[in-house]
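Computed from the coordinates by the stated procedures, all read-outs in this text should not be read as laboratory data. Since we're looking at a predicted model, the values are computed, not measured. Ideal geometry is used to build each Cβ from the backbone, glycine not excepted, and the neighbour counts take in all protein chains shown.
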Amino acid sequence: MQGFVNRAVQCFVRDTYGWAVWLNVVRRAGLGFTNFEAMLVYPPHITENIVVALEIEFRKPRSIILEDLGTYLVTSPTTEVLRRMLRFGGEDFGEFILSLDELPDRARLALAEIELPSIQLHSTGAKQYLIEIGEGLPGFSWALVGVLRALADDYGALAFIEHKAGSKRDQISVVLADDSFSHGRHFELAPAQSATG
């Protein structure tokens, strides 16, 4: 699975900061190559080397970098397929949150090689939720925070999303204040078809 992860990081850095910055990250990480193949398996230490290189390059903690990566995965035109897959989780952000524990299975339907950590959803009050993340992909919970914040904007919802530290499992709290706070981004169930003459 590291191929998908590493390729996503590569595209994030390249599309957001430019090719020259990605080459700096490659050099700092000591990779010896510049492109990842999504379908290949790479040793886990390569991913760790990239994240450390990003921390040095951007002078930011990995939590911020991974959250930015999650935001990119929802908002970038190059990852529209992923946005569409996520939006199929519900007609509004509240429905999406309620379907969040199905996300690992939905991801496997789209890409059989992907093994996302398990996700458990707990209701802690009216429109208040605690998301527990299983083991298996270091930093996934921080990227998920970015995904959730970007999706809340995408749906037009007002939600307060916070990473919870200090527990045995990574946790994210979500308080949904308003499911229809703004118009959100345009989304249609079926992708637009080009007209043929």
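For the pair R84/K164, report the inter-label distance in nm, with labels modelled 7 Å from Cα in the Cβ direction.
If labels sit at R84 and K164, their model points lie 3.5 nm apart.
List the residues whose amide H sits under 5 Å from the amide H of D170, counting only those 5 or more places along or on another chain, with H placed 1.01 Å from N in the peptide plane.
Distant-sequence amide H within range of D170: I133.
If exposed means no more than 16 neighbouring beta carbons inside 10 Å and the site is in a DSSP loop, what's the longest run of the chain without any exposed chymotrypsin sites (Phe, Trp or Tyr not before Pro)?
Segment 89-180 is the longest.
Take every Cα pair under 8 Å in the range 1-104 that's 6+ residues apart, average their separations, divide by the length, and report that relative contact order as a whole percent.
23 percent
Can you put H163, H186, H122, H45 in order, fewest other beta carbons within 10 Å first?
H186, H45, H122, H163
Give me the angle, in degrees from 0 to 90, between the Cα long axis of helix 2-17 and the longest principal axis of the Cα atoms of the chain, rounded to the nearest 10.
The helix 2-17 is inclined about 90 degrees to the chain.
Relative to the first principal axis of the alpha-carbon coordinates of the chain, what is the inclination of helix 140-155, with its axis defined by its Cα atoms, in degrees from 0 to 90 and to the nearest 10?
50 degrees
Output wanted: per-residue J couplings in Hz (rounded whole) for the range 18-23, from phi through Karplus 6.51 cos²θ - 1.76 cosθ + 1.60, θ = phi - 60°, x for Gly and Pro.
x, 5, 4, 5, 4, 4
For the chain, what is the mean residue ellipticity at 222 nm derived from helices alone (per DSSP H run of n ≥ 4: -39500 (n - 2.57); sum divided by total residues; nearest 500 deg cm²/dmol)?
On the way: 8 runs with 94 residues, N = 197.
Result for the chain, helices only: -14500 deg cm²/dmol.
Hey, what did the range 128-178 get for relative contact order, percent, Cα under 8 Å, at least 6 apart? Numbers along the way, then the final one.
Working: 72 pairs, mean separation 23.9, N = 51.
Reported as a whole number, the value is 47 percent.
I need to check one value: relative contact order of the chain, counting alpha carbon pairs closer than 8 Å and at least 6 residues apart, in percent. Provide the component values of the computation, followed by the final result.
Details: 285 pairs, mean separation 32.7, N = 197.
17 percent.
At E37 and L109, where each label point lies 7 Å from the Cα along Cα→Cβ, what is the point-to-point distance in nanometres?
Label at E37, label at L109, 2.9 nm between them.
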